[in-house]
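Undergrad: Have a look at this one.
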Amino acid sequence: MTLCVLNGEMMDLADARISPMDRGFLFGDGVYEVLAAVDGRVRALSLHRQRLANSLAMIELDVDVDAVFADLQALQEASGFRDSKLYIQVTRGPVEARDHAFPSKVTPTVFMMASPFVAQQLAPTTALVRDDIRWRRNAIKSVSLLANVLLKQEASAAGAGEVILHLDGWVTEASTSNVFCLKDGGLVTPPLSDSILPGITRHLVIELAEQQGLGVEERPVSVSELSASDTVFVSSSTRGLVSISRLDPGGPVGTGTPAPEFTQLATAYDALLHQHQ
Ligand code: PLP
């Protein structure tokens, strides 16, 4: 049995039911979070909590985020998984009629599920480099992910692990992760803006890099800088730090072997996941 929580009630995922009139289903009108629990503890909980609160505020949806996270903790404990991937989705809930504008009174749908997960350093992968065809409010962790879905499918069909996105030659992020470049011992990543998700792992990587004395620059990164880097890597809560060995178009990155600074950062990130503060 896979456990989930739907509107505060813990149940078997197979028994969970949501109305087809739910605005999440009709319009993709909702937001989500993906978290990792390692050694039985939800990692970076307060950062995820704040990001969910921000996403909800940006879509004008009033939800008790503390109650959501209390349910999440209960689910994580009940799941019995030592390491798990936790998914939270909050939508504007069911409505009587399909209308783009939302009613003033809604009953949000709050759904969460836990699945098993292994926190481990992943092997280098390859990435397509494509136009960022998404909408312009990517700081909202919206469930409307059709562009990301199509881009990731293109990567998958081409045997690539990610798609790095750019707007007019300037890197934004990747289809499911944030992007970093290492060059001459310095770390560079595009700055926070409406064009990118403020990744929790991105935040932690910047902190770790600063602790390790690496120069960190949050500034616009051009596509041509990617292939001129010693290492390009992407970051996300479920995959950690993954280096990109080859870009399409762009060819091999650096020597094909991640720079020592990448290995140090990935090792420090791994240690952070297991730290019990
Ligand atoms: N950017 C996008 C588009 C994502 O979908 C994700 C994660 O799913 C990230 C960045 C990384 O965010 P986080 O580190 O919080 O998992």
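The values are calculated or read from the model by the stated rules, or taken from the named source; none is laboratory data. Since the structure is predicted, the reported quantities are computational estimates derived from the model, not experimental observations. When we count neighbours, we look across all protein chains shown, and the Cβ atoms used for this are built from the backbone with ideal geometry, even at glycine. To get the accessible areas, we keep the full protein, side chains included, count just its heavy atoms, and leave off ligands, DNA and RNA. Shrake-Rupley method; radii C 1.70, N 1.55, O 1.52, S 1.80 Å.
Undergrad: Would you confirm whether or not segment 109-132 contains a residue that is within 29 Å of Met1 (Cβ to Cβ) and among the hydroxyl-bearing types (Ser, Thr, Tyr)?
TA: Among the residues of segment 109-132, at least one is within 29 Å of Met1 (Cβ to Cβ) and among the hydroxyl-bearing types (Ser, Thr, Tyr), which makes the answer yes.
Undergrad: Over 26 Å from Val5 (Cβ atoms), touching an Asp or Glu at 6+ places or on another chain (Cβ under 9 Å) and either at pLDDT 95 or above or crowded, with 18+ Cβ neighbours inside 10 Å (or both): is that true of Arg98 in this structure?
TA: The answer is no for Arg98.
Undergrad: Just need a number here: residues in segment 176-209 that are within 19 Å of Arg239 (Cα to Cα), open to solvent by less than 20 Å² (accessible area, probe 1.4 Å) and not aliphatic (A, V, I, L, M).
TA: Matching residues across segment 176-209 total 8.
Undergrad: When the residues of segment 144-175 are filtered to those that are hydroxyl-bearing (Ser, Thr, Tyr) and surrounded by fewer than 20 Cβ atoms within 10 Å (Cβ to Cβ), which remaining residue is farthest from the ligand (Cβ to nearest atom)?
TA: Among them, the one singled out is Ser156.
Undergrad: Go through segment 1-113 and tell me which helices (runs of 4 or more DSSP H), entirely inside it, have 1 or more residues that are more than 22 Å from Ile140 (Cβ to Cβ) and either within 16 Å of the ligand (Cβ to nearest atom) or among the charged types (D, E, K, R) (or both).
TA: Where helices (runs of 4 or more DSSP H) fall fully within segment 1-113 and carry at least 1 residues being more than 22 Å from Ile140 (Cβ to Cβ) and either within 16 Å of the ligand (Cβ to nearest atom) or among the charged types (D, E, K, R) (or both), they are 65-79.
Undergrad: Sort out which residues of segment 1-60 are open to solvent by 30 Å² or more (accessible area, probe 1.4 Å), without any contact (Cβ under 8 Å) to a residue 60 or more places away in the chain and of a type in the set (Val, Ile, Thr), and write them in order of number.
TA: None; the set is empty.
Undergrad: Enumerate the pairs (first residue in segment 210-238 and surrounded by fewer than 17 Cβ atoms within 10 Å (Cβ to Cβ); second residue anywhere and of a type in the set (Ser, Thr, Tyr)) with beta-carbon separation below 6 Å, excluding pairs fewer than 6 apart on the same chain, so at least 6 apart or on different chains.
TA: Filtered contacts from segment 210-238: Glu218/Thr189.
Undergrad: What pairs can you find where one residue is in segment 183-199 and among the charged types (D, E, K, R), the other is open to solvent by 30 Å² or more (accessible area, probe 1.4 Å) and away from the ligand (no atom under 14 Å from the Cβ), and their Cβ atoms are less than 6 Å apart, with a gap of 6+ or different chains?
TA: Lys183/Asp230
Undergrad: Another one. When residues of segment 176-190 are filtered for being of a type outside the set (Gly, Ala, Ser) and within 14 Å of the ligand (Cβ to nearest atom), how many remain?
TA: 6
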